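A.B. asks: I'd like to ask you about the structure that follows.
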Amino acid sequence: MPEELSPSDRSALSAERGPINMAVGGLLVFDSEPRLSRAMVAERLAERIHLVPRLRQRLEEPPLGIANPVWTDDTGFDLDWHVRQASLPEPGGASEIGAFVGREFSHRLDRSRPLWEAMLIEGMEGGRQGLLMKVHHAVVDGLAALGLAALVLDPTEEPLEIPGPEQAWSPRKYDMRRHVARLATKPAARAWGLMQDGLLRALDPDPRRTAADMLRATELVVELARARPQAPMTPLNRPISPNRRYASAHTELTTLKQVGRRAGGTVNDVLLAIVAGMLGRYLAAAGPEAFEPGGRAPVALVPVSVRATGEAGELGNRISTVFVDLPVHEHDLLERVRAISDQTRELKESAAVRAGALMVGASGWAPPLVSGMLARAMGSVRAFNLVVSNVPGPSQPFYLRGVRMAEVYPIVPLNPTNQGLAVGIVSYNGLVCFGVLADRDLDPPLSTAAAGLRASLGELQRVVG
């Protein structure tokens, strides 16, 4: 039988309109020796793909929008189509890598096939190789995306012994007539009841939750929206194009912890302070006509995981959101950390995380013909200026066929259509890696923001000496 999408997964699908591309990804960078090949990557995926059935499923969208899309087995699944290889032009440095990733994330995944791709990248500086993982947000969120990377990785140089499937995979064909016939047994008079049921699912997938919980959560969202003014207009919030640019950087986790202890904040507070420093430099380069000095602080939408312990291996979205004002006018790193720490402490004591979970799933409440309109309406409100997504990764090295993964950089999609830059952050083996995706037509360009990020990271060393 086809498998239904969750409300927040439907939200990711309905958001993909116009210049929006809802693919998320990761750039895995490997040591130069021993060498990897496309055949080795494909073989590893073939050995373990049975662990993630979604990788052999595609979307089936019933005609005329009479039902929500469902996941169904891809009867023509071809692993070789999904696993590819490319080579960078010389010298294969940060500029060439950024241009390549930007181009790959300028086109959408093919909805007629399973929504993922893996690209082995040759020609990187120093002989290193990369593996670019690209997956639709309807399939994974940040934590689950790490699980997909772990599908090809091992915690030791020796590969894990993973039992194969009990029987060979055989796709089950989607029966549209049966699906539609089942929907037709539900009278149109029950439409409002179905919408209420969808709202309950968006609030919490646990059916044991009461209607009173739903009402309280709804009231919290209204209160949260009323309490916050609209985010200021910045150069990041002009209409975007479908095309992208990408940049990356990394720093040491121990340095972040030292700065956090000195300022009395958390590592996450320090990360947001670094982004605030980057954005402050970017806005200063844009000039006073683009952003008023001393005006309202830009707002970051910060997704946070609300997965229960033991859920991280499950696919699908389990995320909530909070809004954080970024102190871009503060030039001292420690003061930025303290200002952000004060905010985040208040947020943790409030119900903002629960309210955010409702908003992420909001466009999954309604039937598919309505959900697209809801997604566009939500995107037209400038509640934030950029997304900053921080995902904790493994603290030990991982390997692919005995080759050590040295670094990993996240790629976070731009959404809505007036968001020109997004920041992804992931920790791995003592490093913290930043990935910045931007609209290709951003003005000032991404290179200005990337220079601001490097300068902001440089403040860390000055603080710790």
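The values are calculated or read from the model by the stated rules, or taken from the named source; none is laboratory data. None of the values given here were measured: they were computed from a predicted structure. Positions of Cβ are backbone-derived with ideal geometry, glycine not excepted, and every protein chain shown enters the neighbour counts. Heavy atoms of the whole protein, side chains included, go into the accessibility calculation; ligands, DNA and RNA do not. Shrake-Rupley method; radii C 1.70, N 1.55, O 1.52, S 1.80 Å.
A.B. asks: Going through the range 313-340 one residue at a time, which ones are over 15 Å from the mean Cα position of the chain (by Cα), open to solvent by 20 Å² or more (accessible area, probe 1.4 Å) and either farther than 28 Å from L13 by Cβ or at pLDDT below 65 (or both)?
C.D. replies: G313, E314, D325, P327, H329, E330, H331, D332, L334, E335, R338, A339, listed by residue number.
A.B. asks: Is there any pair linking a residue in the range 46-64 that is closer than 15 Å to D110 by Cβ to one that is hydroxyl-bearing (S, T, Y) and open to solvent by 50 Å² or more (accessible area, probe 1.4 Å), with Cβ under 8 Å and at least six apart or on different chains, and which?
C.D. replies: Between residues of the range 46-64 that are closer than 15 Å to D110 by Cβ and residues that are hydroxyl-bearing (S, T, Y) and open to solvent by 50 Å² or more (accessible area, probe 1.4 Å), the close pairs are R58/S112.
A.B. asks: Filter the range 1-44 down to the residues that are of a type in the set (S, T, Y), over 26 Å from R238 (Cα atoms) and crowded, with 17+ Cβ neighbours inside 10 Å and list them by number. Walk me through how you get there before you give the answer.
C.D. replies: Residues of the range 1-44 of a type in the set (S, T, Y): 6, 8, 11, 14, 32, 37.
Checking the rest, the ones that are also over 26 Å from R238 (Cα atoms) come to 6, 32, 37.
Matches in the range 1-44: S6 only.
A.B. asks: Quick check on the range 152-161. Is at least one of its residues outside any strand (DSSP E or B), of a type outside the set (F, W, Y), open to solvent by less than 30 Å² (accessible area, probe 1.4 Å) and at pLDDT 60 or above?
C.D. replies: yes
A.B. asks: If you don't mind, there's one more thing I want to ask. Is it true that L115 is open to solvent by 10 Å² or more (accessible area, probe 1.4 Å), among the hydrophobic types (A, V, I, L, M, F, W, C) and within 21 Å of A39 (Cα to Cα)?
C.D. replies: no
A.B. asks: Filter the range 55-83 down to residues that are touching a helix residue (DSSP H, G or I) at 6+ places or on another chain (Cβ under 7 Å) and open to solvent by 70 Å² or more (accessible area, probe 1.4 Å), then give me how many there are.
C.D. replies: Counting residues in the range 55-83 that are touching a helix residue (DSSP H, G or I) at 6+ places or on another chain (Cβ under 7 Å) and open to solvent by 70 Å² or more (accessible area, probe 1.4 Å) gives 2.
A.B. asks: Touching a residue at least 60 places away in the same chain (Cβ under 8 Å), not in a helix (DSSP H, G or I) and not hydroxyl-bearing (S, T, Y): does that describe V463?
C.D. replies: Values: touching a residue at least 60 places away in the same chain (Cβ under 8 Å): yes; not in a helix (DSSP H, G or I): no; not hydroxyl-bearing (S, T, Y): yes.
It is false that V463 is touching a residue at least 60 places away in the same chain (Cβ under 8 Å), not in a helix (DSSP H, G or I) and not hydroxyl-bearing (S, T, Y).
A.B. asks: Restricting the range 46-80 to residues that are in contact with a Lys or Arg (Cβ under 8 Å, 6 or more places away or on another chain) and not in a loop (DSSP other than H, G, I, E, B), which is nearest to L5 (Cα to Cα)?
C.D. replies: W71
For every residue, the table says whether it meets (1) closer than 30 Å to S427 by Cβ; (2) over 24 Å from the mean Cα position of the chain (by Cα); (3) modelled with pLDDT under 85.
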site: P205; (1), (2), (3): yes, no, yes
site: M214; (1), (2), (3): no, yes, yes
site: E223; (1), (2), (3): no, yes, yes
site: Q230; (1), (2), (3): no, no, yes
site: R238; (1), (2), (3): no, no, no
site: T266; (1), (2), (3): yes, no, no
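A.B. asks: Report the residue count in the range 88-107 for those that are over 23 Å from I425 (Cβ atoms) and either at pLDDT below 95 or touching a strand residue (DSSP E or B) at 6+ places or on another chain (Cβ under 7 Å) (or both).
C.D. replies: Summing the residues that are over 23 Å from I425 (Cβ atoms) and either at pLDDT below 95 or touching a strand residue (DSSP E or B) at 6+ places or on another chain (Cβ under 7 Å) (or both) in the range 88-107 gives 1.
A.B. asks: Within the range 18-38, can one find any residue that is farther than 22 Å from V140 by Cβ and in a helix (DSSP H, G or I)?
C.D. replies: Taking every residue of the range 18-38 in turn, at least one turns out to be farther than 22 Å from V140 by Cβ and in a helix (DSSP H, G or I).
A.B. asks: Follow-up. Name every residue in the range 84-105 that is of a type in the set (V, I, T) and open to solvent by 10 Å² or more (accessible area, probe 1.4 Å), in order of residue number.
C.D. replies: Of everything in the range 84-105, just one residue is of a type in the set (V, I, T) and open to solvent by 10 Å² or more (accessible area, probe 1.4 Å), namely I97.
A.B. asks: Please identify the pairs in which a residue from the range 433-458 that is over 18 Å from S106 (Cα atoms) and outside any helix (DSSP H, G or I) has its Cβ atom under 6 Å from the Cβ atom of a residue that is open to solvent by less than 10 Å² (accessible area, probe 1.4 Å) and modelled with pLDDT under 95, counting only partners at least 6 apart or on another chain.
C.D. replies: Every condition considered, the pairs that remain are C433/V426; F434/I425.
A.B. asks: Considering each residue of the range 411-427, count those that are more than 20 Å from G458 (Cα to Cα) and open to solvent by less than 20 Å² (accessible area, probe 1.4 Å), and give that number.
C.D. replies: If we filter the range 411-427 for residues that are more than 20 Å from G458 (Cα to Cα), which is where we start, we get 411-422.
Now drop any that are not open to solvent by less than 20 Å² (accessible area, probe 1.4 Å), which leaves 411, 413-414, 416, 419-422.
The total comes to 8.
A.B. asks: Follow-up. Taking E292 as the residue in question, decide whether it is more than 19 Å from the chain's Cα centre (by Cα) and at pLDDT below 75.
C.D. replies: When the stated conditions are applied, E292 passes them.
A.B. asks: Return the residues of the range 81-121 that are part of a helix (DSSP H, G or I) and aliphatic (A, V, I, L, M); say none if nothing qualifies.
C.D. replies: A94, I97, A99, V101
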